[in-house]
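Have a look at the structure below before the remarks.
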Amino acid sequence: MPSLILILGVLALGVIALALVIGLGAPREEEVLQARLAEFAARDVPVTLEEIELSIPFTQRVIIPILRQIAEFINRFTPQSIIETIRRRLELAGNPVRLGASEFFVLQIIAGIGLFGLAHALLLRAPMVQRWALSLLLGGIGFYYPMLWLSQQIARRKKEILKTLPDALDLLVICVEAGLGFDAAMQRVAERWSNELGKAFARVLQEIALGRSRKDALRDMAARVDLPEMTTFVAAIIQAEQLGVSIAKVLHIQADQMRLRRRQRAEELARQAPIKMLFPLVFLIFPSIFVVLLGPALLIVIKQFGGAFLP
């Protein structure tokens, strides 16, 4: 029984690692589609359905469908509020694992069960109370760690968008003043930068091409980014479009405000630097300086007056 629990724990951890590798390394659906279309166009002989299926990677053909089936089964017993919360957080993070909310929840469950089983098997010689306490603790850590990692990805994405937004607005201003429309200017930004902001603009353009109004597409982008600066920018563009105001003038004002806010954030971080440096200075640097400077003097004092301190 202990060996079985250990084997199950190791297998669960292996499944977690494999799923993360698949999610982080798997190409996006549009890239797979473009590659398959290019391969189909390069062939002279018509491709059969079996060849098309075999051309899909093994992970996309076998492993991910199994994971989705497990997610569909678990989704029946899971409150929809939890699934919606995970889906919202995946959208805010840009979905770096390229998985749905149900699949991500399955990864959480597998991580929790795997760490619980592994800890329970490794602590067989420990007392019963300590073994169960540590196993439950590690199981909880395994369950909540994916959400913590997702929170880090959300913060990283927001920081990247906040950093590149003023430069993107400057490029929008230049393109609009040069005679391009707002959609064409967004297309230039999406083509120039392959970062998170460029991907957000590209998604807005795709939604507009599919028939959505520009107002709804921009509002959805602001909701997916969840930054006050992006919300202000989108609200200004929508208001300018509704009132008939020049978009170039609105973009120019927004770009000036974004640069001012970026300068203010830099000044705020500069003022916080002395306080953040206080802890390493007091507990790490000052003791080393005291040892280097006062150590030789203390040895000399002990050598000269050592007899006076001896009994």
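Read-outs throughout are calculated quantities, based only on the coordinates presented, and are distinct from any laboratory measurement. Just so it is clear, the model here is predicted, and its values are computed rather than measured. So basically every Cβ, Gly included, is an ideal-geometry build from the backbone, and we count neighbours across all protein chains shown.
Each of Ser213 and Lys276 was given a label point 7 Å from its Cα along the Cα-to-Cβ line. The distance between the two points is 4.3 nm. Computed from label points 7 Å out along Cα-Cβ, the spacing between Leu298 and Gln264 is 4.9 nm. For Met128 and Gln69, the difference between the fully extended length at 0.36 nm per residue and the C-alpha to C-alpha distance is 17.6 nm. Ranked for footprinting exposure by Cβ neighbours inside 10 Å, fewest first, Leu162, Leu284 give Leu284, Leu162. The modelled label-to-label distance for the pair Leu243/Leu180, using points 7 Å beyond Cα in the direction of Cβ, is 2.6 nm. If you sort the three axes of the alpha carbon gyration tensor as a ≥ b ≥ c, you get a/c of 1.5 or more for the stretch 157-222 and a/b no higher than b/c, which makes it oblate.
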